[in-house]
Structure formats: C-alpha cells, structure tokens
Amino acid sequence: MKKIAFLLAVFLIFTGVSPVFAEDLAPDVKSAILIEPSTGTVIYEQNADEKLQIASVTKIMTMLLVMERIDEGKLALTDIVTASKNAQSYGGSTMFLEAGEEFTVNDMLKGIAVASANDGCIAMSEHIAGNEEAFVEMMNKRAEELGMENTHFANCNGLDDDVDVSEAHSTARDVAKMSAELVKHKKIFDYTTIWTDSLRDGKFLLANTNKLIRNYQGATGLKTGSTTKAGCCLSATASRGGMELIAVVLGAKDSDTRFSSASKLLDYGYSNYEIDKMVEAGEPMGTVNVSWGQQKTVQAEAKEGYDVLNKKSEPKQTEKSVKMKSRVGAPVKKGDKLGEITFTQDGKVVKTVDIVAGEDIEKKGFFKILADLIKGIITG
C-alpha cells in the first residue's frame, strides 16, 4: 500500500498536480482539528486532545457569553459599558480604554473581535458579572456544559504571563466545540468579518488580527491568539456553498504558519466534502386535513433541520422517508406533531425529525358546525 501511495505521489508531481494527504495537513503545529459544525463531524485531527495554552483564542468563550446574553434579551448592543481602572491597566492588544470612558456593547465587541482587546474583555466581564473572577466562573461552567472536558480558564482574555498551563489550558477539540457554539449566533459575524473599522468617531483605527478575513475565500472568523507560551493559535471559520467549516491550529511557530496551516485544513475540507441539507427547520412538508376546524387544512413543517456530511468521492448513502397523518381534529396548536421524517443509512435509522403544525387552527363553534351540516344535507 505504501509503495502504491509513493508511486501515485510521484505521478502527480510529474503531472503538475500537488497531492494532499490528510496526514500532511498540519505538520508545523502542535495540535489541529477540522470539523463541520452542523453535524459535528471531525474531518481531520492531529493531537486534538493535547492540553495547551490558547492565548487570545480564549476570547471565543468571552464573546459566546456576550452573544448568549444578547440573544436572551439580557444585554443589548446599545447598552453602555463603563471602563474601570482595572480594565485600563491591561496591556498587550488593547483598545486603550481609559477609566470612566463609555462604549456601547456594540463597540466593545468590535474591539474584542477585531483588535483582540484585552482591556475590552475585562470591561465586558465586569459589566456582565461584576468582576472578572465571577465571569471566569461563568466561562468554566459554560465550558463544562459544552463538554469541553480538557479546558480550564483562568481569565477572560488569554493573557498567560503569570499563568501556568495547569491553571489555564484547552485543546483543539475543545476550541472547536466552543467555536461551533459561537457561530450559531450569526450576529457575531458582523464583527469577526470586519477587516478595518474605527472607534472614537474615527480617531482609533481597528485592523483585524485574522488575516484570513482578507486572504481566504469565504472566511468568516473567528479568533487569533499568540503569546510566547502558547505560540501562534487560530480558530478559523469559513463558509462556502452552504457548508461551514472550523479549523483550529494551536502552537504554531509563527503567524504565517498558523494561517497557512488553517488554510490547508479548510482547503482539504472544501475539496473533499460537501454538506447535504436533508431537511431544514421550518421547511414546508405539505398540508394535513383538519376536521371541525376554522380552516380545512393545516400547514405542516419540519421541526428541525438535519444535515449530512458526504465525501465527494463516495456515493450518497442517506435515504429519506416521510409519513404524515391524513387528518387531525381541531383544535390544532402550532407545534403539534403531525408525522415524522425518517433518515436511514444501510437500512438503519440514523435520525428522525418530527413534522409539526406550523400554525394554530381553532375549532369551529357549535352553531357553525350545525350550519355546515345543514348546508351539506341541503346541497348534498
């Protein structure tokens, strides 16, 4: 087998085609992983469970907690965040906050996502939790909920000068998990895809630390990180042809290596895999007749979506069958189950998705039913 692979490689080289073997995707980083987030499929991994420091990639969790509170209505983009003396004291990558200075949550997110602002993270942590320590407890609790078994956060920004790997660490697999959770909040891409912007009425310029945003087709984010201890790290997200991918590289020797390694991972994914959207959440599935309803039929729809990741070189293996009730009695409430979509591979069920009512249908009143019966007798 090795001899065949060698001969194939020689043939491809002499014909001008560069061979890409999965084992050669990220040789110059300590740890790497490539996943498709909607299915959770791991396409490639290399030392993906090695505990490492991740520098400012930590800020993915900080941004996740911010976005979750925005989507829950507990925080608004227009809310005002006041910088403390503590926030002002932080160096490294900053937005140069001054104590007492006020920014909206929207501008704080710009500072964190684009410029990797350490001081912005502190200000947001204090705004949400009262102090950074309480916020870090929230980060670790959320990590546990997401199944990030090999992660522990010591701060909200990833600074590690005074932090040992035993105190603060994660893995490529765990970074991919929190990245996949963050990209569910599509609003985050309004910030992570910014190439250049400004704050303070144009007086403070922002430039994205993630160079893939400008140089990689379909790049959408997500976060860079680099310290002497962690090396150069990156969680890179991209979207092409309806398929999202997340490539995580940790411990690269320099910035160019992290970007080239992440690009190679993403290229491999898009060259060899495709997403098949078997059904989308809310997709219309037809109508079901309704007895004694104020409407004769109710719209049926898929309760949730289901995607399948296919290797382009292999035939599609997933089959779909739909079973729905022919009639239901009123009243019908939105979300009532009307049937099921069953997905199978090699004759085995791999997923079922409920078909539900997409609307409320009220029951006719007694006199309306009586009138309809009389009308039917007369005309019938």
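Taking strands (runs of 3 or more DSSP E) that fall entirely within segment 21-113, which contain at least 3 residues that are within 20 Å of the chain's Cα centre (by Cα) and buried (at least 21 other Cβ atoms within 10 Å of the Cβ)? Walk me through how you get there before you give the answer.
Details: elements: 31-36, 41-46, 80-82, 102-104.
Hits in segment 21-113: 31-36.
What number goes with the only condition from (1) modelled with pLDDT under 95; (2) surrounded by 12 or more Cβ atoms within 10 Å (Cβ to Cβ); (3) among the basic types (Lys, Arg) that Lys351 does not pass?
Here Lys351 clears every test but (1).
Given the structure, is Val249 outside any helix (DSSP H, G or I) and either within 30 Å of Lys211 (Cα to Cα) or in the same structural domain as Cys232 (by TED's automatic domain parsing) (or both)? Working first, answer last.
Values: outside any helix (DSSP H, G or I): yes; either within 30 Å of Lys211 (Cα to Cα) or in the same structural domain as Cys232 (by TED's automatic domain parsing) (or both): yes.
Answer is yes for this residue.
Which residues, counting only those in segment 314-360, are small (Gly, Ala, Ser) and in contact with a Phe, Trp or Tyr (Cβ under 9 Å, 6 or more places away or on another chain)? Break it down stepwise before answering.
Looking only at segment 314-360, we keep the residues that are small (Gly, Ala, Ser), and these are 321, 326, 329-330, 335, 339, 347, 357-358.
Result: Ser321, Gly329, Ala330.
The values are calculated or read from the model by the stated rules, or taken from the named source; none is laboratory data. Being a predicted model, the structure only gives us computed values, none of them experimental. Note that each Cβ is placed from the backbone with ideal geometry, even for glycine, and that neighbours are counted across all protein chains shown.
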